[in-house]
Every structure is written in C-alpha cells, then in structure tokens.
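Chemist: There's a structure below that I have some questions on.
All of the numbers you see were taken from the coordinates with simple rules; none came from a lab. This structure is a prediction, so every number in the text was calculated from the model and none was measured. With ideal geometry, Cβ positions are generated from the backbone for all residues, glycine too; neighbour counts draw on all protein chains shown.
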Amino acid sequence: MATPLCRLYLITPPRLDDLAGFGHTLAHALDAGDVAALQIRLKDVADDIVAAAVDALTPIAAARGVAVILNDRPDLAAKLGCDGVHIGQDDGSIAEARRLMGKDRMVGVTCHDSRHLAMEAAEAGADYVAFGAFFPTTTKEAVGHPDLEILTIWQEIMQIPCVAIGGIKVENAATLAAAGADFLAVSAGIWSYGEGPAAAVAALNAEIAKGLSERP
C-alpha cells in the first residue's frame with residue numbers, strides 16, 4: 001500500500017481587517033508549496049464580513065486547487081458555496097451539517113483528544129476528524145491535549161482522514177506527520193513565521209516530507 005500523504009491545511013488569522021492585503025499574502029503562500037485546504041475562521045463577526053472574506057479568498061484558493069472550508073457555520077457555508085464546513089462539538093449535529101452542505105461537500109469535526117468522539121463522527125458521516133491541541137496555542141482555548149499515539153492508532157484502524165491541530169509550526173511538523181496525521185492545520189505557525197508565510201509553507205512541506213519518510 002502506498003505511504004499515506006500528509007498535507008497542509010491553512011487556517012486564516014482570527015481577524016482579516018485588510019482583505020486585499022491578506023489575499024496578496026495568501027496567494028504567495030499558496031504558491032510556495034502544497035496546500036490542501038484553507039479554513040476561513042472568523043469568530044464573533046457579522047455574516048456579511050464572513051461573506052466578504054469568502055468572496056475575496058475563494059477565487060485565490062480555487063485557482064490553486066485549494067479547498068475552502070468555513071468554520072462553525074454550515075448554513076453560511078452552504079449559502080456561500082464553500083467546499084466544506086468545519087464544526088465543533090457545540091456547533092450542531094453532523095446530520096444537520098450534511099443536510100445543509102449536501103453529499104458532495106466536506107464536513108469536518110473537532111474531536112479534541114477523544115477517539116470515541118472521532119469514531120462517532122466517522123459513523124455519522126464526517127469526511128475528516130480533527131484532534132488537538134497537540135502543542136500550546138494562543139489561537140483558541142484548547143479543550144483536549146492528545147498524545148501522538150491517537151494519530152498512529154487512527155491511521156491504523158480508520159479510513160477517514162485525521163487532522164492534527166494546535167500550536168503546529170515548522171519545528172514540530174515532522175513529528176506529527178511521522179505519527180500519522182493526514183493533514184496539519186496551521187494558523188499562527190504560517191502567518192507569524194519570521195521569514196513570512198510563503199517561507200513557512202515551503203519549510204512546513206519540507207518537514208512533512210521528512211516526517212513521512214520516518215513512518216514505519
């Protein structure tokens with residue numbers, strides 16, 4: 001069987017006050033290496049601000065084959081034509097998200113540090129599950145702190161992909177890729193990288209390749 005891939009899953013900064021400027025930065029970052037998805041994650045803002053972000057960023061992502069996933073809001077994700085939605089444990093049911101999104105668009109679910117929650121999500125029809133936070137993060141308050149073993153076990157026993165999230169940066173990406181993550185969800189580790197987001201994407205892809213080479 002071919003070695004499973006591990007790919008980058010970018011998450012926007014929590015605020016996008018300059019959409020045009022961020023769009024320029026995003027384009028350079030996506031051109032710097034392999035990226036599977038972009039999650040638009042804007043908390044506590046009006047729907048029209050989210051819609052403006054989706055409208056501005058989707059063409060940039062789509063032109064590069066990058067899926068656009070909206071955080072929290074299946075209703076808005078469906079209305080705006082996003083490729084998928086990511087929901088937390090308190091954001092409604094997977095069944096309702098699937099009803100709104102349809103069978104051809106993605107539904108991902110946060111499962112913290114619980115393999116039980118992840119298995120329930122898989123059985124309910126989620127397209128991927130997300131485990132974390134693996135490392136300290138200031139992007140959001142972490143509920144779970146899983147061990148790397150959860151990725152390894154999931155890779156061995158389940159078919160649907162797993163996403164690792166929480167404090168991921170260049171220095172720890174290889175470890176997660178080696179452990180079995182299918183995707184690495186990165187926010188501050190991209191946008192706050194000292195050499196810039198494009199350099200971060202390139203460096204993270206190099207570390208992912210290193211981690212994949214270390215898988216058993």
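Chemist: Quick one: Karplus J couplings for segment 49-60, per residue in order, coefficients 6.51, -1.76, 1.60, θ = phi - 60°, nearest Hz, x for Gly and Pro?
Modeler: Computed from phi, the couplings for segment 49-60 are 6, 4, 4, 5, 5, 4, 4, 6, 8, 4, x, 5 Hz.
Chemist: Something else about it: Would you mind putting 39-52, 86-99 in packing order, based on average other-beta-carbon counts within 10 Å, highest first?
Modeler: Sorting 39-52, 86-99 by mean packing, highest first, produces 86-99, 39-52.
Chemist: Could I ask something else about it? Between the DSSP loop rule and a limit of at most 10 other Cβ atoms within 10 Å, which GluC sites (Glu not before Pro) in segment 163-210 are left?
Modeler: Answer in residue order: E195.
Chemist: Distance in nm between label sites at H28 and D104, each 7 Å beyond Cα in the beta-carbon direction?
Modeler: A separation of 3.6 nm, rounded to one decimal place.
Chemist: Further question: Work out the length of the dipole vector of segment 68-162 about its Cα centre, built from +1 on the beta-carbon of each Lys and Arg and -1 on the beta-carbon of each Asp and Glu, and round it to the nearest 20 debye.
Modeler: So the dipole magnitude of segment 68-162 works out to roughly 360 debye.
Chemist: A further question follows. For segment 149-176 and segment 34-109, what is the separation of their C-alpha centers, rounded to whole Å?
Modeler: Each part's Cα centre sits 22 Å from the other's.
Chemist: Stretched out fully, how many nm does the piece from E96 to H145 gain, at 0.36 nm a residue minus the Cα gap?
Modeler: The span from E96 to H145 would gain 14.9 nm if fully extended.
Chemist: Continuing with this model, one more query. For segment 168-176, take each phi angle, set θ = phi - 60°, evaluate the Karplus expression 6.51 cos²θ - 1.76 cosθ + 1.60, and give the result in whole Hz per residue in order, putting x for glycine and proline.
Modeler: 7, 8, 3, 5, 10, 5, 4, 4, 6
Chemist: Another question, then. Which percent of Cα-Cα pairs in the chain sits in each 10 Å bin, short to long?
Modeler: 9, 36, 39, 15, 1
Chemist: For segment 118-184, rounded, prolate or oblate, judged on the Cα gyration tensor with a ≥ b ≥ c (square roots of eigenvalues), a/c < 1.5 rounded, else prolate if a/b > b/c?
Modeler: oblate
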